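Where a number appears in this text, it was derived from the coordinates with a stated rule and is not lab data. Note that the coordinates shown come from a computational prediction; the quantities given were computed from them, not determined experimentally. Ideal geometry is used to build each Cβ from the backbone, glycine not excepted, and the neighbour counts take in all protein chains shown.
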Amino acid sequence: LRNACGANMKRQRPNITVVVVSPKYQQNVGYIARISANFGVKKLKFVSPRCNILGKTAIKYSKAGRHLLETASTPHNFKEAIKGSFSIGTTGIWRKGSAATGSVYTLEDALKIVSKSNSKMLSLVLGRDDTGLRKEEIEQCNIVSFIPADPAYPVLNISHALAIMLYVFSAGKFVDDYSDLGSAYAEQKDKDAISRL
């Protein structure tokens with residue numbers, strides 16, 4: 001994936017904002033903040049949250065992403081939340097997204113579209129924990145994306161879906177930070193030599 005799409009995104013990588021529509025469970029809110037921090041996201045938006053995004057459980061599960069919860073904005077209007085950005089709506093039921101927009105893209109295809117758009121701001125839009133995005137919300141997004149999973153159980157938890165999306169859309173952003181990864185461990189011949197000594 002990095003070889004296929006990473007070069008384009010490395011040329012111009014948009015700033016990612018995670019937009020969560022009306023989250024219901026503090027645990028998911030916490031996990032979303034945590035995974036966002038893992039991938040260097042600087043901004044979270046919670047549209048009309050149904051839970052306390054600074055509640056005890058949310059804070060507990062946010063770990064090092066707590067600062068993202070403390071600085072998150074809470075717009076009441078979906079249109080306001082995605083304004084000025086290239087927005088990617090998400091759906092766990094691809095037919096739902098297709099009915100709203102006519103096209104649903106895999107993350108790899110969505111990455112190529114974003115790369116060609118030259119957008120400086122990218123919003124990854126997650127739907128409600130229980131019912132997802134509504135048709136009218138999907139229609140306001142630039143595109144809608146779907147993560148192909150086992151057809152017997154294709155709907156991912158929103159925090160799990162976000163983890164996959166951020167990995168794809170970071171497209172090698174942090175690889176250079178691990179340039180010594182291959183040389184961090186001794187090879188077997190070195191271990192054998194030490195063992196003989």
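Below are the figures for this structure:
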{"item": "Efficiency of FRET from Cβ geometry, Tyr185 and Lys79, R₀ 41 Å, rounded to 0.05", "result": "0.20"}
{"item": "Efficiency of FRET between Ile93 and Ala193 - r from beta-carbon atoms, R0 35 angstrom, step 0.05", "result": "0.05"}
{"item": "Cβ-based net charge around Ser145, under 10 Å, with every Lys or Arg adding one and every Asp or Glu removing one", "result": "-2"}
{"item": "Estimated FRET transfer efficiency when R0 is 41 angstrom, pair Asn52-Lys112 (beta carbons, to 0.05)", "result": "0.60"}
{"item": "In nm, spacing of pseudo-spin labels at Asp130 and Asn15 (7 Å Cα→C-beta vector)", "result": "3.5 nm"}
{"item": "Neighbourhood charge, 15 Å Cβ-Cβ cut-off, centred on Asn52 and excluding it, Lys, Arg +1 and Asp, Glu -1", "result": "+3"}
